[in-house]
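Working notes, structure below.
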Amino acid sequence: MEYRIRMANEGDAEAVHDIYGAYVPLDYVTFTVENPDVESYREKISKTLEKYPFIVAEAPDGKILGYACGSPLRPHDAYRWNVEWTIMISPDAPKRCGIATALFREFSRILSEQGYRYIYGVLVDTNEASIELHKSLGFTEVGRFENAGFKSGAWRGIVWMVRRIGNDDEAPQTPLPLSQVNAFQDGDRRN
């Protein structure tokens, strides 16, 4: 399947809303109970891009097949080299054609150029497909929290996974804002 990876823009808010919204009713994907409105996603894209990548996989016809975005791991300054990521693939996107892997590779490449060192994923503990995807991308499990959230009438646990993307043997520099790295040398990446 042909698609390209590019930086998201506010015009992608409706597609991101719809992709995420497809997973909100499922108790094994997200702890979100109600999908925010499209305007909230527009704001999220804009705010995320101030500091972190927000990228989409786009089919030749313009359909968004999936996205990946970053957010702070924790609010304290000493965590600033860590990024929590979210990856979502459209439920109707073709399966097993490398979209998730391509999104991760581009996402981690950009973060590495910015100077980040670790990417964290926080997954519902019953989401075996996502756990396996993260393992295949080189993430390792670093913690489990039983009964971390209550959704659909039952308690759910979470799994924390991490992947190192930078060299932590030396003192780090403050990560660069996204605007200061050449995220896409030729506009986007094609697969």
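Quick one: count up the residues across segment 89-98 that are of a type in the set (A, V, I, L, M, F, W, C) and free of Cβ contacts under 8 Å to residues at least 60 places away in the same chain.
So the answer is 1.
Considering THR86, THR101, which residue is in contact with a Cys (Cβ under 7 Å, 6 or more places away or on another chain), closer than 25 Å to THR48 by Cα and either part of a loop (DSSP other than H, G, I, E, B) or free of Cβ contacts under 8 Å to residues at least 60 places away in the same chain (or both)?
THR86
Can you tell me which residue within segment 104-124, out of those that are free of Cβ contacts under 8 Å to residues at least 60 places away in the same chain, among the hydrophobic types (A, V, I, L, M, F, W, C) and not in a helix (DSSP H, G or I), is least open to solvent (accessible area, probe 1.4 Å)?
The residue in question is ILE119.
Output the residues belonging to segment 11-37 that are touching a helix residue (DSSP H, G or I) at 6+ places or on another chain (Cβ under 8 Å) and surrounded by fewer than 16 Cβ atoms within 10 Å (Cβ to Cβ).
Correct list: GLU14, THR32, PRO36, ASP37.
Give segment 1-28 a look and list any residue that's within 11 Å of ALA57 (Cβ to Cβ) and in a loop (DSSP other than H, G, I, E, B), or say none.
MET1, GLU2, TYR3, ALA8 - these are the residues of segment 1-28 that are within 11 Å of ALA57 (Cβ to Cβ) and in a loop (DSSP other than H, G, I, E, B).
Enumerate the pairs (first residue in segment 29-58 and in contact (Cβ under 8 Å) with a residue 24 or more places away in the chain and part of a loop (DSSP other than H, G, I, E, B); second residue anywhere and open to solvent by less than 50 Å² (accessible area, probe 1.4 Å) and β-branched (Val, Ile, Thr)) with beta-carbon separation below 6 Å, excluding pairs fewer than 6 apart on the same chain, so at least 6 apart or on different chains.
Within 6 Å, the pairs are PRO53/ILE110.
Under the condition of being touching a Lys or Arg at 6+ places or on another chain (Cβ under 8 Å) and either surrounded by 14 or more Cβ atoms within 10 Å (Cβ to Cβ) or outside any loop (DSSP other than H, G, I, E, B) (or both), which residue from segment 162-183 is modelled with the lowest pLDDT?
GLY166
The values are calculated or read from the model by the stated rules, or taken from the named source; none is laboratory data. Computed from a prediction, not measured in an experiment: that's the story for all the values here. In this analysis, Cβ positions are derived from the backbone assuming ideal geometry, glycine residues included, and neighbour counts consider all displayed protein chains. Side chains are part of the model used for accessible areas, which takes the heavy atoms of the whole protein and leaves out ligands, DNA and RNA. Shrake-Rupley method; radii C 1.70, N 1.55, O 1.52, S 1.80 Å.
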